[in-house]
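Each reported figure results from applying straightforward, stated rules to the coordinates on display, with no laboratory input. Quick caveat, the model's predicted, so the values are computed rather than measured. Please note: Cβ atoms are built from the backbone with ideal geometry, for glycine as well, and neighbour counts cover all protein chains shown.
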């Protein structure tokens, strides 16, 4: 028997067994690999779902917080101006600050039916101007649907009064700090301070100076527009 035949007889059966083993195990290996890939895909899908769920929970918490803040804000805006109650609180703040309220008047008119200032209208005017600028810079080919702006989309109305107070300068500052910390939503605009002076003829050209001259006050007089907001 030649050496080649001996090798055939020796390694032939082993090769046949190995071939049969590979033939039976390869499909199982492919199936295992496929299952492994599916498990990895499911794991990635699960992680994505969990991330989306976490984002949903976070956004839900943010939305709830915003809704709470909105509800709280709306509660601070009354359904009517309640000017009498407001002035009672302002008088208490004036007493605590050791200043005197010397006048509460309707604001000056710049026309027959338009108050001196209106925050809501100023906001809407700014939004309208911004929208006009944005429309103007769009390419000519862009078709823009023109919409008429709402007169007051916020639903908030405003009552404006000019308040006059007098006292020492430090006490006037203390009064303003108390007014800024007031629990209702208000705003102060066009603030001026003046003191009556015979040597300065321009001191009476402001609303505060005019009031100081009329009442012949030696202490500083401060005046400003007090805007009170409400939800009708």
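When you count the other C-beta atoms within 10 angstrom of each residue and take the mean per peptide, 185-195, 222-232 line up highest first as 222-232, 185-195.
If you count, for each residue, the other Cβ atoms within 10 Å and average over each peptide, how do 38-46, 85-93 line up from highest to lowest? Present the calculation step by step, with values, prior to reporting the outcome.
Details: 38-46: 10.0, 85-93: 15.1.
Averaged packing, sorted descending, gives the order 85-93, 38-46.
Provide the FRET efficiency to the nearest 0.05 for the residue 206-residue 68 pair, computing r from the beta carbons and using R0 = 35 Å. With a Förster radius of 35 Å, E is 0.20.
Sorting 207-215, 175-183 by their mean Cβ neighbour count within 10 Å, with the most densely packed peptide first, gives 207-215, 175-183. Annotation: extensible slack from residue 186 through residue 43 equals 46.0 nm (criterion: 0.36 nm per residue apart, minus Cα-Cα distance).
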